Each structure stands twice: as C-alpha cells, then as structure tokens.
Amino acid sequence: MAENYFGLTDTGRVRTNNEDTFITQKVMGNRMVLAAVIDGVGGYNGGEVAADIAKTVIIDRLSGLQGEIIPGMIDAFKLASKQISDRKLEDKELESMACVATMALVDLDNNQFFYAHVGDTRLYLLRDTSLVKISKDHSFVGFLEDSGRLTEDAAMNHPKRNEINKALGFTSQIDTDESFIETGQSPFLPGDMLLICSDGLTDLVDKNGILDIITQNTSLQDKAAQLIDTANANGGRDNVTVVLVENDKTQQRPQATMPASPPIKRNNETDDGITPVRPKQQNTEPELKHKAPMGQNKNSGLTLILGFLCLVFLASTIWLFLTNQKKVTPLGQAVPVVQKMRNTDEVKLQDAIDAFKGDTLVLSDTSFKQPIIITDTLHIDQDTLYVRVKGNITLQRDTAYKGPALSIATDSKIVVLDNLKFKDFSTGIDLGNTGLFLKNTQFINCKLPVQRKYDLPDSKPVNADFPATKVNPQTAKPQTPVKPNGAR
C-alpha cells in the first residue's frame, strides 16, 4: 500500500531561497502521522534558520510523546518559540526572524486528528467534495476574511495580506496567553484528506482551484505537484509548500435503520464534527429519567400552560422595551453635554482618527499626556479601523461631561480597539450595528462599558440575529503585527 501522506516544497518563481519547510513522518512508535508546514519570516537566511529550529524542536518533542496530545503540541510550539528567541539574542543579524506553523497529529487507527496553529499557514479538511478551512489566519486581513468583511479574492490581493500578528519567536506572549496557540481535534473519517499549506499557495490559488486539484483521482504526489505548479503559473511570488494526509481506509456505507431514539448532538460539536478543545467542565444538566406512559394526555395540558406563560413573557418584554425606549436617547441623537473647549490632546486624538485613511492606526503614549481628559465625544466614522495603542493611553471623563467617550458611526462595518483604557464614563463606547472587537481593553469605573443601539426599520417585519457577547476571562497582551523584512 502506498504511503498515505506526502509533502512537497518549492522556492517559487521570484525568491532565490526557500524559507518554508515541512514535516511528514510517523511518530509515537509509528502510531501517529506528524504533518506540519513551517514558514519562516525575517529576511534572507533568518526565516530559514527560524523554520529549521522549529522543525527540529517539533520532531524531537513529539516523536516520543507520552500523555495528552494537545498539551504536548502546545509545549512543542512554546519550546520552538523560546529557542528561536534565544538564538536571536545570540546573533543580531537574526534579530527579526520568526516563523509561523501549522501541525497535525493524525491517529489513523482511531480515525481522528489533533492540530495546533500559529500564524497564516493553513489547515484544510476535505470530506466528500467539501473543503473546510479549519485554522484561522492570525492577521488583520485574515480576520476580515474569516468574519466575512472581505471576500477571498479581495483578501488574496490585499496589500497587507502578509502582515501577521502571531508568530513563533516573536513575543513571549505565547507563554502567558492561552489563546495564542489555536488548537483542536476532529474526526478523520475514511476518505477524508488533510491539506496543510503555506500562504504561497493560498495567496495565488483560491479555494475552488485547490478543491478541483485535490479531488482528482490521482496520487498524493501528483496532487501536491499540481498545487505547486498552479501557484507558480499564477506568479509564484512566494515559496510554496503543501502537505497532504489521507485516510485511505475503505469508506463504510452501512444500511439505514430506524433509530431507537433521535440522535444526540454532543455538547460543543459542530455539524461538520469538528470539536474545539476547551477546558473540561462538569455537566450540570439534569438527566431525563421519567417518561410519560403511553395513552396519557398530560402533554396537552402542559402545552397550554407553557403557551400561556410564553404569551405573558412576550407581553412583558414588549412593555419593558417600549418603556425603556422612552428613556434611551434615539440612535443618531446627540447626548446633551456641557459646552467646554476641548483640550489639546483631545483635539489631537480626534484629528488623528479623522485624518487616518488606512486599516491600522497606531497610537503611542509618547505623543499624548496621561490621561487624556475627554470633554466631548470622540467619533469614529471609518468603514473599517483597527486602533492599536503602544504603551499606556487612558481616556478619562472630564467631571462636567456626561456623554460617551467614543461613538462609532452606524454605517461603520468593523472597529477593533487594542490596549485602550476608559475611565469614569457613564458610557464608554456608543455604537450601532457595527462589529466591535476589543483586545486588552479596560473599563475603569464605567457604569456602562459598551452601549449598542440597533437601527431597525419602522413598522416593517425584521429578521435579525443578536449574538451574545463572549468575554475572554484571560487578559491578553497586545499583539503587534509582524512586518516581514522583505521576506513575505
């Protein structure tokens, strides 16, 4: 039987050196297949050194892995990051080097795989004829694409598509931030295939083009070669690396039988069977132990009672909503404030926001006094804006001011605030239907940190989804985008 895993790398048509590398080998007593793609950054030679260090550490750490899989993979990434950082201290010519990596441990006997990921290399799962992107790109452009703000074509051609905000050897944050390394596990069924690749492929070949190639009835070697040839034919601007792993067991097609009871969907399991790794929690849901005997009509009375309670709840909700609407300032109406001349730092900050035309606005505490006293609302009107603070900047309410610190326009699509502090405001941030993402943002003595006002059509049917906000209890350090030194 031919090997069911294969990797291939190519320098491309523009570069003279290859900063990519990959791993395809059996580990843990030949029980699992280790597959990985590592992409070095940091200029000529530096990227190659970082990638080679990571490759060596990952193989050494996982070859004889004992115990839990995911913690072992996390440990391998942390060790690789530390060794790269140590090497940078020894050699100043390599001080800008780092690498991104995606790896998978594939347990073919038990039909499952585990993965760990940092950066913008990618992991895909092919099941039947559907190609699912498992990993998230750790970059601002990747974030916009994954959240639906950018199309795949727009992301592939974005001028900042290769600026990443997570890498091995770039920051010590990997040791303190549990979310720095993306991990998970999934069923790996007979007929499934994994694709791990560098951005040299995905920047030049779209998802449909990849799918067309890997679903052909050819060997893994031919698929890998054709993927690289296609990337090179489309320009070959970067090194290109692909790794393929296939579960080549015979697909089982059991005959359909009438289930004894409805299938139960496990907690946290998505429709495609991918289960993110999360801390174990004790199941507190009561177990259903009793079943009404056949022939009794208890359900009809219970249904009537539940229906009546639902109507009462709906009526009270509408009444509370209408009552609160009278108290809330209508969307777009200015909050009355005491008129006062704005201070120099406040004007400078608003001018910096208004004049900025790019994606990422970087604010440094060396340019502003601390704290910045806010006497009137700061406004963000851009379609998309990432505000990143270097150092310590605190927005503090003037004692005579009663309005919000920051107001985001209703037609803005997405705003990211990174490492900013709000102090003593009744309302920290006021926004409408904007997508707002907070990173390491602090609200100190703020009665209402964020107030969202939805602008909905009057007297018309509305179909809308109001997602719940999820707050990470771990305080994350700010992530600085990596600007590759001409190497990516």
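List of remarks:
- Search result, residues across the range 399-417 that are buried (at least 18 other Cβ atoms within 10 Å of the Cβ) and closer than 19 Å to residue 351 by Cα: 404, 405, 406, 407, 408, 412, 415, 416, 417
- No other residue among 148, 169 is surrounded by 18 or more Cβ atoms within 10 Å (Cβ to Cβ) and at positive phi apart from 169.
- Lone qualifier among 473, 457, 449 - being within 24 Å of residue 147 (Cα to Cα) and at pLDDT below 80: 473
- Residue within the range 149-165 that is over 30 Å from residue 91 (Cβ atoms), without any contact (Cβ under 8 Å) to a residue 24 or more places away in the chain and among the acidic types (Asp, Glu) present: no
- Take the conditions (1) over 18 Å from residue 111 (Cβ atoms); (2) of a type in the set (A, V, I, L, M, F, W, C); (3) part of a loop (DSSP other than H, G, I, E, B); residue 224 misses just one of them, which is (3).
Results for (1) among the small types (Gly, Ala, Ser); (2) touching a Phe, Trp or Tyr at 6+ places or on another chain (Cβ under 6 Å); (3) under 19 Å from residue 181 (Cα atoms), shown as yes or no for each residue.
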position	(1), (2), (3)
51	yes, no, yes
61	no, no, yes
65	no, no, yes
75	no, no, yes
90	no, no, no
101	yes, no, yes
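- In the range 93-117, of all residues being out of contact with any strand residue (DSSP E or B) (no Cβ under 6 Å at 6 or more places or on another chain) and crowded, with 16+ Cβ neighbours inside 10 Å, the one that is nearest to residue 55 (Cα to Cα) corresponds to 97.
- Hits in the range 1-13 (condition: more than 16 Å from residue 48 (Cβ to Cβ) and not small (Gly, Ala, Ser)): 1, 3, 4, 5, 6, 8, 13
- Residue count, the range 368-404 (criterion: touching a Leu at 6+ places or on another chain (Cβ under 6 Å), touching a residue at least 40 places away in the same chain (Cβ under 8 Å) and within 17 Å of residue 449 (Cα to Cα)): 1
- Residues that are surrounded by 16 or more Cβ atoms within 10 Å (Cβ to Cβ), among the acidic types (Asp, Glu) and under 15 Å from residue 130 (Cβ atoms) within the range 185-232 comprise just one, 192.
- In the range 373-419, counting only strands (runs of 3 or more DSSP E) that sit wholly within it, the ones holding 1 or more residues that are touching an Asp or Glu at 6+ places or on another chain (Cβ under 6 Å), assigned by TED's automatic domain parsing to the domain that holds residue 358 and at pLDDT below 90 span 384-397.
- The listed residue being touching a helix residue (DSSP H, G or I) at 6+ places or on another chain (Cβ under 9 Å), in contact (Cβ under 8 Å) with a residue 12 or more places away in the chain and in the same structural domain as residue 10 (by TED's automatic domain parsing), out of 120, 52: 120
- Any chance residue 182 is crowded, with 18+ Cβ neighbours inside 10 Å and farther than 30 Å from residue 439 by Cα: no
- Each residue in the range 49-92 was checked for being among the acidic types (Asp, Glu) and either buried (at least 21 other Cβ atoms within 10 Å of the Cβ) or farther than 17 Å from residue 170 by Cβ (or both), and 3 pass.
- Residue match in the range 116-130 (condition: in a helix (DSSP H, G or I) and at negative phi): no
- Selected residue (criterion: farthest from residue 452 (Cα to Cα)) from residues of the range 420-438 that are in a loop (DSSP other than H, G, I, E, B) and touching a residue at least 40 places away in the same chain (Cβ under 8 Å): 425
- Qualifying residue in the range 32-44 (condition: surrounded by fewer than 17 Cβ atoms within 10 Å (Cβ to Cβ) and not aromatic (Phe, Trp, Tyr)): no
- Figure legend. Inter-residue proximity from the range 86-98: first residues assigned by TED's automatic domain parsing to the domain that holds residue 20, second residues surrounded by 11 or more Cβ atoms within 10 Å (Cβ to Cβ) and acidic (Asp, Glu), beta-carbon distance below 7 Å, spacing 6+ or different chains. Indicated pairs: 88/95.
The values are calculated or read from the model by the stated rules, or taken from the named source; none is laboratory data. Since this is a predicted model, take the numbers as computed values, not measurements. Methodologically, a virtual Cβ is constructed for each residue, glycine included, from the backbone with ideal geometry; neighbour enumeration extends over all protein chains shown.
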